[in-house]
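Heads up: the structure comes next, in structure tokens.
The values are calculated or read from the model by the stated rules, or taken from the named source; none is laboratory data. Source: prediction; values computed, not measured. Reconstructed Cβ throughout: ideal geometry from the backbone, glycine too, with neighbour counts over all protein chains shown. Ligands, DNA and RNA are excluded from the accessible area calculation, which covers all protein heavy atoms including side chains. Shrake-Rupley method; radii C 1.70, N 1.55, O 1.52, S 1.80 Å.
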Amino acid sequence: METKEERQPQGFWYAEWAFPLFVAILSAGIFGGTHLYYVYHVGAFNDIAVVAMLEAGLKGGSFGAAAAFGASFLFARVLEGPLVGILDIGGSLQTGVGIGIPALMLSAGITAPLTSFPLALVTGAVLGLAIGAVIILIRKFTIRSANSTFGADVMMGAGNAAGRYLGPLIVISAIMASIPVGIGATIGAAVFYHYKKPIAGGAIIGAMLFGAIFPISAQ
Amino acid sequence: MDTWIIVVESLIIGALAGFGVGAGAARMFHAPKVQGMGAFRTFGELNACAGDPISHFSFGLGFLFNSWASVVGAGALTQDVEHRILPNWAAAVLLAKNQNVAETLHNPKKMAFAGAAVGAVVVTLLNSTAAAIPVSMQLVATKVLVPAANWLINPIMPIVFWMAAIDAGQRTGLWGTVLGGLSHLIMGNAVPGIVLGILIGKGVDDSGWNRITKTMVTAVVLLFVLSGFFRGFDAALLHSIQLDVPQWLIDLHKMFGSVVE
């Protein structure tokens with residue numbers, strides 16, 4: 001692809017030092033979402049499987065899985081972000097700041113940043129500012145000597161490939177939940193596939209429609 | 001009452017998140033000169049929609065259904081909100097008025113404000129409808145989605161990432177395998193380890209053992225040692241090979257507030 005390089009964009013919106021500010025604003029929103037989830041059980045900015053790890057901790061188990069998963073993703077993405085020029089929001093901020101750090105706080109008995117909305121926004125902003133600053137620092141030190149994307153393409157490819165499994169998994173899971181729900185999920189998946197939409201979406205909607213008519217027991 | 005608090009807080013949260021996502025997404029088009037924020041798939045998908053407002057809108061809409069079902073089922077918005085819906089809908093809003101991507105999609109200022117507006121609406125819509133959904137519907141979604149998502153995280157994702165590491169070359173395969181196995185032992189999931197293995201393997205493939213790759217390996221070793229310690233892996237390992245945990249180790253754990261036997 002030909003890119004035109006006639007001029008390097010200037011000003012605040014393209015500035016290096018503005019980046020930590022954008023990360024701070026986004027992180028404030030994400031941490032606020034985790035606060036909503038903690039208090040009202042809705043609104044966490046992450047995939048079900050990742051939120052389920054935090055939920056496992058909240059349900060009285062250990063926060064270890066959420067903390068370790070979130071922290072290591074954050075770590076990996078903060079290393080990778082400045083090297084490839086794109087910080088992965090999902091791994092670094094949604095999983096790291098939104099799940100990993102709250103799990104660390106909760107396992108240490110700190111609940112205030114999650115129960116108070118203003119404090120959640122401030123906590124998220126401070127964390128984001130720090131992460132953004134670290135990324136700009138790494139960038140300053142490495143960008144000139146590095147000539148590698150550090151396998152970002154491989155990871156993104158694997159991430160996308162893994163996502164494709166979700167649709168069939170939902171259909172199988174629905175079939176194991178109950179016969180009507182399974183039939184609904186199968187039809188929904190087929191309809192969505194026909195219209196070239198993600199299978200997972202159709203499977204979920206089909207399962208829920210049939211589940212509303214033929215409820216499954218709570219056990 | 002709760003619903004009102006959720007609506008008000010969601011408006012603020014959505015605006016903040018949308019602002020950051022919009023600015024970060026527009027900056028991706030100027031990477032690597034400018035540090036962007038988003039994801040490679042987000043970048044690719046934005047390019048795939050080729051500045052056509054209808055394409056950007058319908059691409060986001062497809063994922064809105066997934067997110068909606070997910071938030072109803074488990075209170076989780078899914079990463080698609082920030083990776084797909086917000087950037088594509090912000091782009092669609094801007095492109096509806098002006099089809100020139102250089103002045104819209106690639107402009108962090110315009111994308112930030114469009115993102116904030118879209119974010120406030122989308123996040124509030126998702127969070128408030130989820131709270132209003134009857135329990136029986138939530139039960140179905142949870143019963144279906146949670147097991148499926150658990151299977152995805154383990155074992156599907158570890159296997160897919162592992163295969164990708166192996167296919168990417170001998171060195172990434174070796175690092176991915178070793179760190180993946182260790183990561184599954186210590187952190188409970190192989191994916192973070194495999195990702196780090198690919199990072200190291202590809203880094204060494206492309207630029208050799210220099211200051212950056214050596215620092216990375218040191219940091220990774222440190223990460224594994226620390227998370228192993230804080231998860232009590234050392235004590236669990238001694239137990240499983242039928243050895244007693246020495247008192248000094250128990251005391252060391254106690255110093256950091258964790259109890260091991």
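Between B:GLY193, B:GLY203, which is farther than 27 Å from B:LEU152 by Cα, surrounded by 24 or more Cβ atoms within 10 Å (Cβ to Cβ) and touching a residue at least 12 places away in the same chain (Cβ under 8 Å)?
It is B:GLY203.
Please go through region A:161-179 and give me each residue that is open to solvent by 40 Å² or more (accessible area, probe 1.4 Å) and either at pLDDT 75 or above or facing chain B (nearest Cβ under 7 Å) (or both), ordered by number.
If the condition is that a residue be open to solvent by 40 Å² or more (accessible area, probe 1.4 Å) and either at pLDDT 75 or above or facing chain B (nearest Cβ under 7 Å) (or both), then A:ARG164, A:TYR165, A:LEU166, A:PRO168, A:ILE172, A:ILE175, A:MET176, A:ILE179 are the ones that fit.
A:VAL78: in a helix (DSSP H, G or I), in contact (Cβ under 8 Å) with a residue 60 or more places away in the chain and either among the β-branched types (Val, Ile, Thr) or on the phi > 0 side of the Ramachandran plot (or both), yes or no?
Against the criterion (in a helix (DSSP H, G or I), in contact (Cβ under 8 Å) with a residue 60 or more places away in the chain and either among the β-branched types (Val, Ile, Thr) or on the phi > 0 side of the Ramachandran plot (or both)), A:VAL78 qualifies.
Is there a residue in region A:24-39 that is closer than 21 Å to B:HIS30 by Cβ, part of a loop (DSSP other than H, G, I, E, B) and open to solvent by 10 Å² or more (accessible area, probe 1.4 Å)?
no
Would you check which residues across region B:93-113 are of a type outside the set (Asp, Glu), assigned to a helix (DSSP H, G or I) and open to solvent by 10 Å² or more (accessible area, probe 1.4 Å) and list them?
Residues satisfying the conditions are B:VAL93, B:LEU94, B:ALA96, B:LYS97, B:VAL101, B:ALA102, B:LYS109, B:LYS110, B:PHE113.
Can you report the number of residues in region B:211-248 which are within 26 Å of A:ARG77 (Cβ to Cβ) and part of a helix (DSSP H, G or I)?
Total satisfying the criteria: 21.
Going by the structure shown, is B:HIS56 under 30 Å from A:GLY11 (Cβ atoms), within 7 Å of chain A (Cβ to nearest Cβ), open to solvent by less than 20 Å² (accessible area, probe 1.4 Å) and at pLDDT below 95?
Against the criterion (under 30 Å from A:GLY11 (Cβ atoms), within 7 Å of chain A (Cβ to nearest Cβ), open to solvent by less than 20 Å² (accessible area, probe 1.4 Å) and at pLDDT below 95), B:HIS56 does not qualify.
In region B:25-37, what residues are touching a residue at least 60 places away in the same chain (Cβ under 8 Å) and either out of contact with any strand residue (DSSP E or B) (no Cβ under 8 Å at 6 or more places or on another chain) or surrounded by 24 or more Cβ atoms within 10 Å (Cβ to Cβ) (or both)?
Hits for region B:25-37 are B:ALA25, B:ALA26, B:ARG27.
Starting from region A:46-61, take each residue that is under 17 Å from B:LEU77 (Cα atoms) and charged (D, E, K, R) and list its partners that are open to solvent by less than 40 Å² (accessible area, probe 1.4 Å) and in a helix (DSSP H, G or I), counting only C-beta distances under 7 angstrom and pairs at least six apart or across chains.
So the pair list comes out as A:ASP47/B:ALA149.
Yes/no per residue for (1) more than 7 Å from chain B (Cβ to nearest Cβ); (2) open to solvent by less than 30 Å² (accessible area, probe 1.4 Å); (3) more than 19 Å from B:PHE230 (Cα to Cα):
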| position | (1), (2), (3) |
| --- | --- |
| A:PHE45 | no, yes, yes |
| A:ARG77 | yes, yes, yes |
| A:GLY85 | no, yes, yes |
| A:GLN94 | no, yes, yes |
| A:PRO102 | yes, yes, no |
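So B:LEU46 passes all but one of these: (1) modelled with pLDDT under 95; (2) within 19 Å of A:ARG77 (Cα to Cα); (3) buried (at least 24 other Cβ atoms within 10 Å of the Cβ); (4) of a type outside the set (Ser, Thr, Tyr). Which condition number does it fail?
Tallying (1) modelled with pLDDT under 95; (2) within 19 Å of A:ARG77 (Cα to Cα); (3) buried (at least 24 other Cβ atoms within 10 Å of the Cβ); (4) of a type outside the set (Ser, Thr, Tyr), B:LEU46 fails exactly one: (2).
Output yes when any residue across region A:121-128 is surrounded by fewer than 18 Cβ atoms within 10 Å (Cβ to Cβ) and at pLDDT 90 or above, and no when none is.
yes
Would you check which residues across region B:166-186 are within 25 Å of B:ARG231 (Cα to Cα), facing another protein chain (nearest Cβ under 10 Å) and open to solvent by less than 10 Å² (accessible area, probe 1.4 Å) and list them?
Answer for region B:166-186, where residues must be within 25 Å of B:ARG231 (Cα to Cα), facing another protein chain (nearest Cβ under 10 Å) and open to solvent by less than 10 Å² (accessible area, probe 1.4 Å): B:GLY176, B:SER183.
Test of understanding: among A:ALA71, A:ALA158, which residue is touching a Phe, Trp or Tyr at 6+ places or on another chain (Cβ under 7 Å) and either facing chain B (nearest Cβ under 9 Å) or outside any helix (DSSP H, G or I) (or both)?
A:ALA158
Exactly one of these conditions fails for B:MET163: (1) at pLDDT 85 or above; (2) crowded, with 21+ Cβ neighbours inside 10 Å. Give me its number.
Of the numbered conditions (1) at pLDDT 85 or above; (2) crowded, with 21+ Cβ neighbours inside 10 Å, the odd one out for B:MET163 is (2).
Kindly establish whether B:GLY51 is more than 7 Å from chain A (Cβ to nearest Cβ), outside any helix (DSSP H, G or I) and of a type outside the set (S, T, N, Q).
Yes; evaluated as a whole, the condition is true for this residue.
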